[in-house]
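Inspection log for the structure reproduced underneath, given as structure tokens.
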Amino acid sequence: MGPITLFDKSFLQSLSVDESVWFDHFFYPVICPLFYVETLADLEKAVRQDRSPEQEVGIIAQKTPEMSGGPSVYHSQLSLANLMGHKVPMDGRIVVAGGKPVRAEGKTGIVYENSPEAEAFSRWQKGEFLQIERRFAKAWREALNSLDLLTVAAGMKAMGIDLKTCKSLTEAKQMADSFVNDRDKPLDRMKLTCIILNVPREYEHPILEQWQAYGYPALCDYAPYAAYVLSVELFFQIALGAQLIAAKRPSNRIDVAYLFYLPFCYGFRLIR
């Protein structure tokens, strides 16, 4: 088994079928939820003239790693669990959901069933596409395009973020990191965190109570993974406001979102 490696859809599309087999053999791929979202969304997206959307998705499914690796839990779920006080490992391990404890012959272990996404990919390799998946494809494509980057950029500028206050991507990262490291105005800080991370409203009060019980530590100490996701999101929005990242290219949003999964791997293969 090789190093744990994150990849995006464009990287897999750049490989031949034979090369994808070698990738699966020599690496331990992290199958990111965003990869499923991008691929499934292709069912409702214009593709090459000589291929149907079903053929395009089928080709990607044929190249998807099968021998090793595994799907990671969605970053929003992990962030919420982390804010609720649950530990999220950030040492290069893939966080997998759905494990069931078992015991046999005096030994214990955990069995993981195939995720719905993995089962869907198995069907897609055979050219089987369910109507419910087509509806998800349309919804996910709309969700990918729902964030108005121009509006986000304008909002950050209204808060004083521009080329004068932030002159480089390094400064943008420093500003984002300072938010998760500082401890002043803890209640306002946590409320803004919940807004940015889209935490369901019913969880906000329990999170605040849990945080208060620990004495309002810095977010990076209390919930390291949620703090990491927040810093990436803030970095992206600050960079948009400072015009360091183009607001007219929607794919930039997806590219940055893959960074949420870097703590679960040792390398990232990206083609753009």
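Readers should treat all values here as calculations from the given coordinates under stated rules, not as data from a laboratory. Since we're looking at a predicted model, the values are computed, not measured. Using ideal geometry, Cβ is built from the backbone for each residue, glycine included, and neighbour counts are taken over all protein chains shown.
Between the amide H of Tyr28 and those of Gly2, Ile4, Thr5, distances stay under 5 Å, these residues lying 5 or more places away or on another chain, with hydrogens modeled in the peptide plane. Amide H contacts of Phe268 (H built 1.01 Å from N, in plane; Pro and chain starts excluded): Leu6 sit under 5 Å, all sequence-distant by 5 or more or on other chains. 3J(HN,Hα) couplings calculated from phi for segment 166-173 with the Karplus curve 6.51 cos²θ - 1.76 cosθ + 1.60 (θ = phi - 60°) are, in sequence order, 9, 9, 8, 5, 4, 5, 4, 5 Hz; Gly and Pro show x.
Taking Lys and Arg as +1 and Asp and Glu as -1, the other residues whose beta-carbon sits under 14 Å from that of Tyr222 total 0. With the biggest extent put first, the Cα atoms of segment 149-249 measure 41, 24, 21 Å across the principal axes. Does segment 170-224 classify as rounded, prolate or oblate by the C-alpha gyration tensor (a ≥ b ≥ c root eigenvalues; a/c under 1.5 gives rounded; else a/b over b/c gives prolate, otherwise oblate)? Taking the square roots of the gyration eigenvalues as a ≥ b ≥ c, segment 170-224 is oblate.
Segment 1-26 and segment 179-205 have Cα centres separated by 37 Å.
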